[in-house]
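Right, one structure below, let's go through it.
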Amino acid sequence: MSSDPARVRFAPSPTGYLHLGGARTALYNFLFARQTGGQMLLRIEDTDRKRFQSAAQEQLIDSLRWLGIRWDEGPDVGGEFYPYIQSERADLHREYAYELVKSENAYLCFCDTNQLQTQQTTHGGYDGHCRHLAPSNARKRAESGEQHVVRFRTPKQGSVTVHDFLRGEITVGNAQLEDFILLKSDGFPVYHLAAMVDDHTMGITHVIRGEEWLPSLPKHAMLMRAFGWTEPIWCHLSVLKKPGGKGKMSKRDSQPLDKTSGHSIFIDDLRKFGYLPEAIINWMALMGWSLDDHQEDFTIADLQQTFSLKKLNPSPATVDFSKLDYFQGKHMRLLPAGEVAAGIKPYLQHTGLDPDDATLLRIVPLIQERLITFDDAPKWAGFFFSANVSPDPADLIAKKLNQSESLDVLQHVYRSLAALPSLKHESVEQALRSLSERLGIKLGQLLSPVRVAVSGQRVSPPLFNTLEILGKQVTLQRIKNAIKLLKEQ
Ligand code: GLU
């Protein structure tokens, strides 16, 4: 897109962990800022004190950074509008609210807040009781200390037309819009006022956010217009649908999905499951955006070059975890061996093993293609580091061979390998191939009890290399144990 440098913001509320919807919004904002040579801001919108969670801000920042998303201004990196925490700008919001009172676009409302809540739930909106109070009278009441809120004076006739970049013009009858609150009775701004004041004063050119904010757009546009400000370009992203395509995804949907299935909508969970940020970025980028009909492999650097708002699709996007696994496999294969080794190490340690870096680096080329996530590593590589393995004796019997034939195979293998000075994969292969010919059995039949003997399992990385890494002593020891096991059958 050949636009001027954009100033965009990701404005999460610190109410919980970063989830896919939020992360995708952040990603698109980041990409658009980079694409246009502009700036991305991180602004923490903490005006809803009831839902505030003190650890959430740090967690959000941590998850965003882990994904590779960066911002030019924000609570942790500074900038002209530091500290970028909405609640700390409440004085400014208040000033602007009273500016609207002065221009009669807003008014003071003294209705009892408890009574109001009842009215709102039963009648669906404020009845406008204080709308017609004379401003001088209202001011006097406020000055005498009477509790009040500040409400926006929404026109009662006509309609408001707003423009969404992806959806075009949207017109809403004013009768549907109530006189919404701008300042609460404790003087604290509500989100609508705070966000618009912040967007304007921070010079935001494009508001790119989730579709759930579309119903608030008329209010936001009206506020901007009442101040006489130029509206930003509004761009509401597609809804994310639940895996399986039914209904809209919400944060709660993660519960039945997580842990057991290895899937979650929370970025931090996906990180713990061993997914790569590169794979999550690639996957999320395509939830509502595409470059063309065929290209689907993207790095975050590619996306910074190719992303454009024009290619966003407003139709709902499905969260497809099998697609995440697909991208995960692709990005896992592209990773340098050192990074794979560093990635899998904690998962092996977590199972009580103590892997050394040198051995890990030798194993990585054997298993990298087979890993989906880092937490698959114990399955593929745990046996390299365990003191012993405990094969199921039944698995030691090769296909189409009986117990004594399998025993015989293992004894022959033991002798062939014992005769080698050391286990280099080429010499192991040569020795075992010629042994299978001598015994008149297929190589596969010969290898399968050996694989089970040394790894304790029926699948393993390529066997010749596996034996080389295990070394002669461990290999022979494990084959000897397997022979013993089979004999005891
Ligand atoms: N604080 C809002 C949220 O948590 C952001 C809405 C907006 O981007 O305007 O989703």
remark   = As a percent rounded to 5, the proportion of antiparallel DSSP bridges among beta bridges in the chain is 55
query = How about the chain: what cysteines have no other cysteine beta carbon under 4.7 Å from their own?
reply = Cys111, Cys235
note = Longest principal axis of the chain (C-alpha) makes with the long axis of helix 357-367 (C-alpha) an angle, in degrees to the nearest 10, of 90
task = Could you pull out every one of the lysines with an alpha carbon less than 22 Å from that of Lys424, ignoring same-chain neighbours closer than 8 positions?
result = Lys442, Lys472, Lys480
key: Those aspartates and glutamates that a straight Cα-Cα span of less than 20 Å connects to Lys242, excepting residues fewer than 8 apart in one chain   = Glu211, Glu212, Asp253, Asp258, Asp268, Asp269, Asp320, Asp325
remark   = With a 1.4 angstrom probe the carbon and sulfur portion of accessible area for the chain, in percent, totals 49
request  = Can you sort Ile372, Ile208 by 1.4 Å-probe accessible area, starting with the largest?
outcome  = Ile372, Ile208
ask   = How much area per residue is accessible in the chain when the probe is 1.4 Å and only protein heavy atoms are counted (Å²)?
value = 47
query = Could you give the semi-axes, largest first, of the ellipsoid that matches the chain, computed as the square roots of 5 times the alpha carbon gyration tensor eigenvalues and rounded to whole Å?
reply = 65, 21, 19
message = Once ligands and nucleic acids are excluded and a 1.4 Å probe is used, how much of Lys156 is accessible, expressed in Å² to the nearest 10?
response = 90
request  = Keeping every protein chain in place, order Asp199, Asp354 by accessible area at 1.4 Å, biggest value first, i.e. largest first.
outcome  = Asp354, Asp199
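The values are calculated or read from the model by the stated rules, or taken from the named source; none is laboratory data. These numbers come from a predicted model, not from an experiment. Cβ: placed from backbone, ideal geometry, glycine included. Neighbour counts: every protein chain shown. Ligands, DNA and RNA are stripped out before the accessible areas are found, and what is left, the full protein with its side chains, is counted by its heavy atoms. Shrake-Rupley method; radii C 1.70, N 1.55, O 1.52, S 1.80 Å.
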